[in-house]
Amino acid sequence: MRRGTNLLAVGGFNQAVILDQIRRSPQGLSRVEIAESTGLSAQTISNVSRRLLDSGIIREGEKQNVGPGKPRTLLHLDPTGMYAIGVHLDPTVVTYVLLDLAGNVIADHRAAPPTGPQVTGGAPAVATPEQVIAAMAEQIEAILDRSAVPRDRVLGVGIAAPGPVDAARGMVLNPPLLDGWMRVPLREALAGATGLPVLLEKDVTAAAVAEIWTTDDRSRLRDNFAFFYYGTGIGMGLALDREVLRGASDNAGDIGHILVASSGPICSCGRRGCIGELVVPHYLVDLAVEAKLMPVPFEPLGPGAIDVLFSTLSAAASSGSPDAVTIVETAARHIAAAVVTITNLLDIDQVVFGGPFWKRIAPVALPLITELVNGDPALISPHVIHINDSTIGDDVAAIGAGCLVLDHSLSPRASALLISE
Ligand SMILES: [Zn+2]
């Protein structure tokens, strides 16, 4: 069970059950139908729907004639009734989204993390966590101002951060790619700076939440799936029976040390051949420089330069340049090997690929991964493994963080009884 959240549920358990039914029926639902599907009494449904109507979370729609008797009024979710903010903290870019109650993106914004004071003649210093958090609070205010959303209609802020995290305490522990972020109490700090309730989730888990929240169609998203997150680093979000898997410390999905080769750069764990080193954008860019696909840089590559050079490499691979194709295909082979291990372990039948760097290599990597995974003699599952791109796009982790706020506030769950006041 998730503990330590300061996020309020919209109402009690019955209210969440009723709202969940209405939310899942875009065509509208009558009070009689809600009574039939929930088993709640007519009086309870009448009371709760009155409260939801008064608070603007649902609205009455058209009347439905069903045989003799009074026509039934259909109840609809009012997407403008409440909002949630999602933030994705990535080492190179912070993404902000404002979601309405239906999970639609109303506004979005991307900003590079601020840089610290510049030393004369040197590169700008990395900003401290405090500076990044202050900038986050400013951007959240700006996005609310621009979209003219009343503050009292904002349920809260969800933050997706690179792991490892201590979700119970709302802390970012020591992500390998975020310098200076050692046990930072991000949730409390941002709640203090914005005055809004805040939730923290590992970014790959947030991405899986986004898939579940935005896709009801089982033919597009299966109940047991993994989300392969391809960003500055890599990770996997896991979902079993449509519930995300968080694990004992909310850090499930760290695949970085799965060995997929017998050589490669030395990993932080001291071994060679870890997938977390072999397939990430900065390593592929290093290989491209070695292969003389691009000029040797004068200084160590920063995040911005890696982003640009990775685009160059991906474009070369997509247009069939042999060395570039080899680099991307080799990464795809490593990814396929890890995917087979994970699908065998969990018996999942779908892997969704996404994250800020994924789209660029997808044209070359996705067909190859599909072929390799399903043709691998080590694959145990008797079923096909469906492999596809996320339809959500680059903002998937930020959207997932926002969906998490909606999920905590709207979904009927036993823990909602403990956190509602
Ligand atoms: Zn390792």
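The values are calculated or read from the model by the stated rules, or taken from the named source; none is laboratory data. Computed from a predicted model, the values in this text were never measured in an experiment. Backbone-built Cβ (ideal geometry, glycine too); neighbour counts: all protein chains shown.
Look through the stretch 233-286, keep the residues that are over 17 Å from the mean Cα position of the chain (by Cα), in contact (Cβ under 8 Å) with a residue 24 or more places away in the chain and in a loop (DSSP other than H, G, I, E, B), and return whichever of them is nearest to the ligand (Cβ to nearest atom).
Across the stretch 233-286, the extreme among qualifying residues is SER268.
Check GLY103 against each of (1) buried (at least 16 other Cβ atoms within 10 Å of the Cβ); (2) small (Gly, Ala, Ser); (3) touching a His at 6+ places or on another chain (Cβ under 6 Å) and name the one condition it does not meet.
(3)
In the set LEU309, LEU301, which member is away from the ligand (no atom under 16 Å from the Cβ), in contact with a Leu (Cβ under 8 Å, 6 or more places away or on another chain) and not in a helix (DSSP H, G or I)?
On inspection, the qualifying residue turns out to be LEU301.
ALA316 versus (1) over 24 Å from the mean Cα position of the chain (by Cα); (2) surrounded by fewer than 19 Cβ atoms within 10 Å (Cβ to Cβ); (3) of a type in the set (Gly, Ala, Ser): which is the lone unmet condition?
The single condition ALA316 does not satisfy is (2).
Does LEU144 qualify as being surrounded by 18 or more Cβ atoms within 10 Å (Cβ to Cβ) and in a strand (DSSP E or B)?
no
Residue under question is SER314, and the condition is that it be over 29 Å from ASP179 (Cα atoms), of a type in the set (Ser, Thr, Tyr) and more than 16 Å from the ligand (Cβ to nearest atom); does it hold?
Criteria not met by SER314.
Is it true that VAL296 is more than 16 Å from the ligand (Cβ to nearest atom), surrounded by 23 or more Cβ atoms within 10 Å (Cβ to Cβ) and either of a type in the set (A, V, I, L, M) or under 26 Å from SER219 (Cβ atoms) (or both)?
No.
Report, by residue number, each residue of the stretch 254-286 that is acidic (Asp, Glu) and surrounded by fewer than 21 Cβ atoms within 10 Å (Cβ to Cβ).
Across the stretch 254-286, the qualifying residues are ASP254, ASP286.
Which of the residues belonging to the stretch 55-71 are modelled with pLDDT of 90 or more and among the charged types (D, E, K, R)?
Across the stretch 55-71, the qualifying residues are ARG59, GLU60.
Restricting to the stretch 184-196, name every residue that is in contact with a Lys or Arg (Cβ under 9 Å, 6 or more places away or on another chain) and surrounded by fewer than 22 Cβ atoms within 10 Å (Cβ to Cβ).
Answer for the stretch 184-196, where residues must be in contact with a Lys or Arg (Cβ under 9 Å, 6 or more places away or on another chain) and surrounded by fewer than 22 Cβ atoms within 10 Å (Cβ to Cβ): PRO185, GLU188, GLY195, LEU196.
Going by what's in this entry, would ILE327 be described as surrounded by 15 or more Cβ atoms within 10 Å (Cβ to Cβ), assigned to a loop (DSSP other than H, G, I, E, B), of a type in the set (Val, Ile, Thr) and away from the ligand (no atom under 16 Å from the Cβ)?
no
One line per residue, one yes/no per condition, for (1) crowded, with 23+ Cβ neighbours inside 10 Å; (2) out of contact with any Leu (no Cβ under 7 Å at 6 or more places or on another chain); (3) under 24 Å from VAL105 (Cα atoms):
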residue	(1), (2), (3)
ASN174	no, yes, no
VAL198	yes, no, yes
THR205	yes, yes, yes
ARG220	no, yes, yes
ALA239	yes, no, yes
ALA252	no, no, no
